[in-house]
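> The following block contains the structure, expressed as C-alpha cells.
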Amino acid sequence: MFLKEMKSASIILERGACSWGRCYFCGWGKRFVDVTEEELRRKFTRFLEKNVKRRKVKVVKIFSSGSFLDEKQFSRDFVKFCIEKAKEAGAKAIVIESRPEFVQDSVLEYINVEGIEIHVAIGLELADDEVLLKYYRKGLSVRDYLRAVETLKRHAFKVRTYILVNGHPILQDLKLQREILEKTMDLVLKVSDTVVIINAYPHMKSELWEDWINLKWKPLDEEQFMDLVKEWINDPRVEIDFNNLNFIPRFPKEKMIYLKGVGREYLVHPYYEVWQDYFVRFYKPPPEKEYLLFVPCSYKKPYTRSRTWRAFLGRISGFPFFKKIHVVAVSSPGVIPYEYINYYPFNAYDWPEWLETPEIKKEYIEVTAERVKKYIEKHGHRYKLFFVYLRPDSESIQAIRKAFKQLKLENKLIETLPEEIYQKIKEFKPALAHPDAVEELVRTLKMKIK
C-alpha cells in the first residue's frame with residue numbers, strides 16, 4: 001500500500017536552523033528555533049498519543065525546516081527516539097526529511113528500526129543542475145541526490161522525493177517548465193518509492209517572496225498546476241500538492257507600511273496587485289452567499305468601525321436574507337471581499353479624496369472597472385444578482401457600471417440608492433449613513449432577494 005492510501009498525520013519539529021539556508025524559494029530554511037530536544041520529545045509524545053493511539057493514524061510525517069538527519073539540528077538519539085516511539089504507538093511508516101549530504105551509512109545504521117517503514121524525503125526539486133545550482137540555489141546536484149538514494153536503498157530505507165515546480169521567475173515559461181518536469185519525473189520515478197509534486201508559493205523571508213511582491217513572479221493557480229501535472233495524477237506513487245501552504249498573501253511586519261496617498265503609485269501598488277490576483281485566481285467566495293452587495297470603503301479601518309458600515313450592517317444584519325449576502329468593498333486597493341477587510345494592507349491605507357485631480361479620477365475608474373470585471377468574470381456565476389450601495393456620483397459606481405456594461409450584465413446590477421433620494425440627503429455626512437439611504441437599501445433587498 002502506498003503512503004497516500006494510508007491515514008496520516010503531520011507534525012513540525014523545528015530546532016536550530018537549516019545548515020544550507022540559501023534556497024531561493026525557501027523562507028523556512030532561514031528560521032532559527034531555540035528549543036531543547038527534551039521539549040521536542042514531550043511534544044512528539046503528545047502528538048503520538050492524540051493521533052496514532054487515539055485516531056489510529058498509520059503514517060507519521062515529520063517536517064523540520066531543515067534536515068532531520070543533520071546532527072547539528074537533531075541528535076541521532078532523538079531521531080531514533082522518534083522512530084521507535086512511532087512504532088510503539090502503532091504507526092506502520094514514518095517520513096523524515098533530509099538534504100542528501102546527511103544521508104550517511106553510519107547514521108542510517110544507527111537509526112534503523114525494524115517493524116516500521118522509514119521514508120526519507122529529499123527535496124530534489126528538479127532534475128536539472130543548472131536550475132538547481134544557478135536559480136534554485138539548492139547547493140546540490142542530481143548526482144548528490146542519486147548518491148543519497150543509493151545509500152538509502154542499501155540500508156532498506158524508502159525514498160521519497162519532493163519536486164518543486166515554478167520556484168523561480170525563469171520557470172514562468174510553462175513550456176520550459178514542462179520539459180524540465182518531464183525529464184525530472186522520468187528520473188525520480190525510477191528510483192523513488194513515492195514522489196510529491198509541489199506547487200511553489202511565496203515564503204516570507206525568501207527571495208521568491210520579493211519577486212512575487214515586485215510582480216516579477218506569480219504562483220500557478222489550480223488550473224495551471226493541474227494541467228502541468230496531469231500526466232502523473234493517477235500514478236499511485238505520486239502525490240499532488242497544489243496548496244501546501246493554504247496560500248494567502250502575507251507580509252512580514254517590516255513590510256507593513258501605511259499606504260497613504262493619491263496617484264497611480266498608490267492605485268496600482270504591488271501590494272494591491274498581488275491581492276487582486278489572489279482574489280481572481282485563488283479565492284473562492286463562500287458557497288452560501290447568493291447575492292453580492294458592493295459597498296464603499298471608509299476612512300476608518302477596519303471599515304466596520306465607520307458610521308456608514310455601522311449604519312447599513314446594523315440595519316440589514318437582522319434580516320433572514322443577510323446570510324445570503326456577500327458584502328464586497330470597492331476602493332483604491334481594488335475589490336475586497338468582506339472576509340479580508342481586516343487583512344493588511346486593507347486595514348492600513350488612506351486615499352485622500354480631496355487630493356484627486358480629474359486625471360486621477362479617470363484613472364481610478366479605468367483601473368477599478370478592470371478589477372471589478374476580472375472578479376465578476378471569475379466569480380460572477382456564483383451570484384444571482386448584484387447590488388450596489390454607493391453614492392450615485394462616485395467614481396466607484398462609475399467603474400462598476402462600466403465593468404457590467406462590458407460584461408453585458410447590466411440587467412443583473414441593481415443600484416439601491418436612487419438619484420432623487422441622494423439629492424435630498426447628499427449634504428449629510430456621510431450620505432450613506434443617512435436613515436433614508438439605509439431604508440432604501442433595506443427595501444430593495446427585501447423586494448429582490450427570495
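> With each run of n ≥ 4 DSSP H residues scored as -39500 (n - 2.57), what mean residue ellipticity at 222 nm is computed for the chain after dividing by its residue count and rounding to the nearest 500 deg cm²/dmol?
The per-residue figure over the chain is -11000 deg cm²/dmol.
> Just the number, please: carbon plus sulfur as a percent of the accessible area of the stretch 5-115, 1.4 Å probe, no ligands or DNA/RNA counted.
That share works out to 47 percent.
> For the stretch 367-450, rounded, prolate or oblate, judged on the Cα gyration tensor with a ≥ b ≥ c (square roots of eigenvalues), a/c < 1.5 rounded, else prolate if a/b > b/c?
The shape class here is oblate.
> Quick one: which residues, 5 or more positions from Lys289 or on another chain, have an amide H under 5 Å from its amide H? H modelled 1.01 Å from N in the peptide plane, none for Pro or chain starts.
Here nothing satisfies the definition.
> Shifting gears a bit: List the trypsin sites (Lys or Arg not before Pro) within the stretch 365-424 that DSSP assigns to loop and that have no more than 10 neighbouring Cβ atoms inside 10 Å. Working shown, then result.
Details: sites: Arg371, Lys373, Lys374, Lys378, Arg382, Lys384, Arg401, Lys402, Lys405, Lys408, Lys412, Lys424; in loops: Lys384, Lys408.
For trypsin sites (Lys or Arg not before Pro) across the stretch 365-424 that sit outside H, G, I, E and B with at most 10 neighbouring Cβ atoms in 10 Å, the list reads Lys408.
> Which order do Arg22, Arg31 take by accessible area at a 1.4 Å probe, largest first? Show your work: numbers first, answer last.
On the way: Arg22 130, Arg31 105 Å².
Correct descending sequence by accessible area is Arg22, Arg31.
> Another question, if that's okay. Over all directions, what mean area does the Cα convex hull of the stretch 207-275 project, stated in square nanometres? Working shown, then result.
Working: hull surface 25.4 nm².
Over all viewing directions, the stretch 207-275 projects a mean Cα-hull area of 6.4 nm².
> Hey, another quick one. Determine ³J(HN,Hα), in whole Hz, for all residues of the stretch 347-360 in sequence, where each value follows from phi through the Karplus function 6.51 cos²θ - 1.76 cosθ + 1.60 and θ = phi - 60°; x replaces Gly and Pro.
Result, rounded to whole Hz: 9, 8, 8, 8, 10, x, 4, 5, 8, 5, 10, x, 5, 5.
> Could you give the dipole magnitude of the stretch 180-330 about its Cα centre, charging the beta-carbon of Lys and Arg +1 and that of Asp and Glu -1, in debye to the nearest 20?
1480 debye
> Looking at the stretch 17-109, which chymotrypsin sites (Phe, Trp or Tyr not before Pro) are in a loop (DSSP not H, G, I, E or B) and have at most 15 other Cβ atoms within 10 Å?
Passing both the DSSP loop test and the Cβ count: Phe32.
> Run the numbers for Phe428 and Gln104: contour at 0.36 nm per residue of separation, minus the present Cα-Cα distance, in nm.
109.1 nm
> Any aspartates and glutamates with Cα under 19 Å of the Lys138 Cα? List them, leaving off those in the same chain fewer than 8 positions away.
Of all the aspartates and glutamates, those that pass the test against Lys138 - Cα under 19 Å, at least 8 places apart if same chain - are Asp70, Glu97, Glu101, Glu125, Asp128, Asp129, Glu130, Glu207, Glu210, Asp211.
> Quick one: how many Å² of Phe2 are accessible to a 1.4 Å probe, rounded to 10?
The value for Phe2 is about 70 Å².
> Beyond a 27 Å Cα-Cα separation, which of these cross-linked pairs lie in this structure: Lys50/Lys324; Lys175/Lys362; Lys43/Lys87; Lys50/Lys92?
From Lys50/Lys324; Lys175/Lys362; Lys43/Lys87; Lys50/Lys92, over 27 Å: Lys50/Lys324; Lys175/Lys362.
> Protein chains only, probe 1.4 Å: how do Asp186, Asp221, Asp227, Asp34 rank by accessible area, largest first?
Asp34, Asp186, Asp227, Asp221
> Are there any GluC sites (Glu not before Pro) in the stretch 267-330 that are in a DSSP loop and have at most 14 other Cβ atoms within 10 Å? List them by number.
Filter output for the stretch 267-330: Glu288.
> Give the percent of DSSP beta bridges with both residues in the chain that are antiparallel, rounded to the nearest 5.
10 percent
> Only Cα pairs under 8 Å and at least 6 apart count here; give the relative contact order of the stretch 1-101 as a rounded whole percent. Display every interim value, and only then the final one.
Working: 154 pairs, mean separation 34.2, N = 101.
Relative CO of the stretch 1-101 lands at 34 percent.
> Percent relative contact order of the chain, based on C-alpha pairs within less than 8 angstrom and at least six residues apart?
On the way: 729 pairs, mean separation 48.2, N = 450.
Relative contact order, the chain: 11 percent.
> Something else about it: Could you pull out every Cys in the chain that lacks a partner Cys with its beta carbon under 4.7 Å away?
Cys18, Cys82, Cys297
> Same structure, new question: Given q = 0.07, 0.13 Å⁻¹, what are the Debye log10 I(q)/I(0) values for the chain, with equal point scatterers placed on the Cα positions and solvent ignored?
-0.48, -1.10
> Something else about it: Tell me, what is the per residue accessible area of the chain in Å², probe radius 1.4 Å?
Per residue, the chain has 47 Å² of solvent-accessible surface.
> Where the only charges are on Cβ atoms (+1 Lys, Arg; -1 Asp, Glu), what is the dipole of the chain about its Cα centre, to the nearest 20 debye?
With only Lys, Arg, Asp and Glu charged at Cβ, the dipole is about 1640 debye.
> Positive end of the charge dipole of the chain (Lys, Arg +1 and Asp, Glu -1 on Cβ, about the Cα centre): tell me which of Phe387, Leu140, Asn166 has its Cα farthest that way.
It is Phe387.
> Something else about it: Which whole-Hz ³J(HN,Hα) couplings does the stretch 189-203 yield from phi under the Karplus relation 6.51 cos²θ - 1.76 cosθ + 1.60, θ = phi - 60°, glycine and proline marked x?
5, 7, 10, 9, 7, 9, 9, 10, 9, 10, 7, 6, 10, x, 7
> Please give the solvent-accessible surface of Asp393 in Å², to the nearest 10, using a probe radius of 1.4 Å with every protein chain present.
Probe radius 1.4 Å; accessible area of Asp393 about 80 Å².
> Could you give the dipole magnitude of the stretch 179-234 about its Cα centre, charging the beta-carbon of Lys and Arg +1 and that of Asp and Glu -1, in debye to the nearest 20? If you can, show how the numbers build up before the last one.
On the way: 6 positive and 12 negative charges, 35 e Å.
Dipole about the Cα centre, nearest 20: 160 debye.
> Let me know the whole percent of all Cα-Cα pairs from the stretch 137-294 that are separated by more than 23 Å.
51 percent
> Where does the stretch 247-302 land on Rg/Rh, using Cα atoms and the Kirkwood Rh?
Result: Rg/Rh = 1.00.
> Also, quick follow-up: Mind listing the long-range amide H neighbours of Leu124? Cut-off is under 5 Å, sequence gap 5 or more, other chains count too, H placed in the peptide plane at 1.01 Å from N.
Long-range HN contacts for Leu124: Tyr162.
> Among DSSP bridges having both ends in the stretch 1-160, what percentage is antiparallel? Round to the nearest 5.
5 percent
> Among bridges DSSP assigns within the stretch 281-355, what percent are antiparallel (round to 5)?
40 percent
> Let me ask something else about it. With a 1.4 Å probe and every protein chain left in place, tell me how much accessible area Leu176 has, in Å² to the nearest 10.
We get 60 Å² for Leu176.
> Related question: Just list whichever of Lys4/Lys153; Lys7/Lys158; Lys218/Lys301; Lys72/Lys205; Lys218/Lys412; Lys4/Lys190 have alpha carbons separated by over 25 Å in the model shown.
Those over the limit are Lys218/Lys301; Lys218/Lys412.
> Just the number, please: carbon plus sulfur as a percent of the accessible area of the stretch 324-442, 1.4 Å probe, no ligands or DNA/RNA counted.
Percent of accessible area from carbon and sulfur atoms in the stretch 324-442: 51.
> Based on alpha-carbon atoms only, what is the radius of gyration of the stretch 359-403 relative to the globular estimate 2.2 N^0.38 Å?
It is 1.18.
The values are calculated or read from the model by the stated rules, or taken from the named source; none is laboratory data. Owing to the predicted nature of the structure, the values given are computational and were not obtained by experimental measurement. Reconstructed Cβ throughout: ideal geometry from the backbone, glycine too, with neighbour counts over all protein chains shown. Side chains are part of the model used for accessible areas, which takes the heavy atoms of the whole protein and leaves out ligands, DNA and RNA. Shrake-Rupley method; radii C 1.70, N 1.55, O 1.52, S 1.80 Å.
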